[in-house]
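Asker: Got a structure for you, written out below as structure tokens; questions coming shortly.
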Amino acid sequence: MTLLLISVASVAFLVSVLLPFAVKPLLARWGVLDVPNDRSSHSSVVIRGMGVSVAGGILVALALSLATGLVAVDRSLVLIVLLMVAAASLLGWLEDFRGLPIRVRAGCQLVIGALGTAALAYTIDQSYWWVPFGALAVAAYINVANFMDGINGISGMHGVLVGVFYAIGGALSDQSWLIVAGLVLAAAFAGFLPWNLGRGFVFLGDVGSYLLGASVAAIAVTGLLAGVYIEYLLSPVLIYLADTFTTFLRRAQRGERLYVSHRQHVYQRLTDTGLNHLQVALLVTAFSAVTGAAGFIVATADAPVAVSGSLLAAGVVALYLYSPRILRARAARRQAAATTDLD
């Protein structure tokens, strides 16, 4: 199984890293471009929609895992995840290529989540009361991933990190489908990173951010219904959820239109402190890695250690949310000190 697992993950990586050679010229010819505005974190016209290559890597690898018998048990779960990811990727591609009204996008996201969760409930013999929860979870995290996809590297690293944690969670839970799904997710987004961080960088586009959000949410909902500890599934995405939720609340309190583009996310404000895209992406990923590790401790440790893990996760989330203020204050002190020295 180990060799076959490595082979399937390698296919996900290779498809994701090689397909852009064919896709990039087509996207340029079709005019699938991201034009910067005053709320953008980049200053030049960039090709977007490269998430189709990552989608290709994930879908081909998951299909291969089914065809080769890598997932001997719970094959239906992998198939349902595959179909949910494919549907969300197609929706994101339509948004990239043609544009869709908000109500249509939101409705389709909810339908994908509802149908996928209903299929899971039927397959695992769970209550259909999970369907509304699954619909909201999938639609919500598709939008979380979309909102957080604003700087180079952040989404690719998030896909790699969450995929690795989910694969570890699958190993600890003795659920082979989760190991496969997690490693495929990680490998495919690892293949995108060289294209996103290189000199001639490209963007995932909506097809890629929808893919990321749907992959994470579909795997998480499937894992939850299959009996995986919720801490395994939730802890790696805490930073993304906290950033999006607190930003949403601040904007709602100010009476702002919530779907208008902005630069108020924590990760965006971190770029305004002088950090570059790669530094911020690494910082967000590092915070997510700590909350992920803390969640695994909470799920498996005795009560005193579990409480410590919970406090650690809460502290890390709070530190992340306040990090732009901390860095700005530090920069102001340095500037004041430098001015004093000159005087």
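The values are calculated or read from the model by the stated rules, or taken from the named source; none is laboratory data. Predicted model only: the values in this text are computed from it and were never measured. Every residue, glycine among them, receives a Cβ derived from its backbone with ideal geometry; neighbour counts consider all protein chains shown.
Asker: Consider only pairs whose beta carbons are under 8 Å apart and that are at least six residues apart or on different chains; among these, list those whose first residue lies in the stretch 310-331 and is within 11 Å of Ala242 (Cβ to Cβ) and whose second residue is surrounded by 15 or more Cβ atoms within 10 Å (Cβ to Cβ) and not hydrophobic (A, V, I, L, M, F, W, C).
Answerer: Every condition considered, the pairs that remain are Ala313/Ser235; Ala313/Thr291; Ala313/Gly295; Val316/Thr291; Val317/Thr291; Tyr320/Asp243; Leu321/Asp243; Leu321/Thr246.
Residue by residue, here is whether (1) surrounded by fewer than 18 Cβ atoms within 10 Å (Cβ to Cβ); (2) within 16 Å of Val216 (Cα to Cα) holds:
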{"site": "Ala106", "(1), (2)": "yes, no"}
{"site": "Thr123", "(1), (2)": "yes, no"}
{"site": "Val131", "(1), (2)": "no, no"}
{"site": "Gly134", "(1), (2)": "no, yes"}
{"site": "Ile142", "(1), (2)": "no, yes"}
{"site": "Met148", "(1), (2)": "no, yes"}
{"site": "Ile151", "(1), (2)": "no, no"}
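Asker: Could we say that Val104 is part of a helix (DSSP H, G or I), of a type in the set (Val, Ile, Thr), touching a residue at least 12 places away in the same chain (Cβ under 8 Å) and at negative phi here?
Answerer: Against the criterion (part of a helix (DSSP H, G or I), of a type in the set (Val, Ile, Thr), touching a residue at least 12 places away in the same chain (Cβ under 8 Å) and at negative phi), Val104 does not qualify.
Asker: When you scan the stretch 265-307, how many residues do you find that are of a type outside the set (A, V, I, L, M) and under 16 Å from Leu238 (Cβ atoms)?
Answerer: Qualifying residue count for the region: 9.
Asker: Might you check whether a residue that is modelled with pLDDT of 95 or more, of a type in the set (A, V, I, L, M, F, W, C), farther than 23 Å from Leu193 by Cα and not in a helix (DSSP H, G or I) occurs anywhere in the stretch 231-249?
Answerer: No, every residue in the stretch 231-249 fails to be modelled with pLDDT of 95 or more, of a type in the set (A, V, I, L, M, F, W, C), farther than 23 Å from Leu193 by Cα and not in a helix (DSSP H, G or I).
Asker: Still on this structure: Restricting the first residue to the stretch 20-34 and requiring it to be at pLDDT 85 or above and among the aliphatic types (A, V, I, L, M), which pairs with a second residue that is surrounded by 13 or more Cβ atoms within 10 Å (Cβ to Cβ) and part of a helix (DSSP H, G or I) meet a Cβ separation below 6 Å and a spacing of at least six or different chains?
Answerer: Here the result reads Val23/Val52; Val23/Ser53, each pair linking the stretch 20-34 to a residue that is surrounded by 13 or more Cβ atoms within 10 Å (Cβ to Cβ) and part of a helix (DSSP H, G or I).
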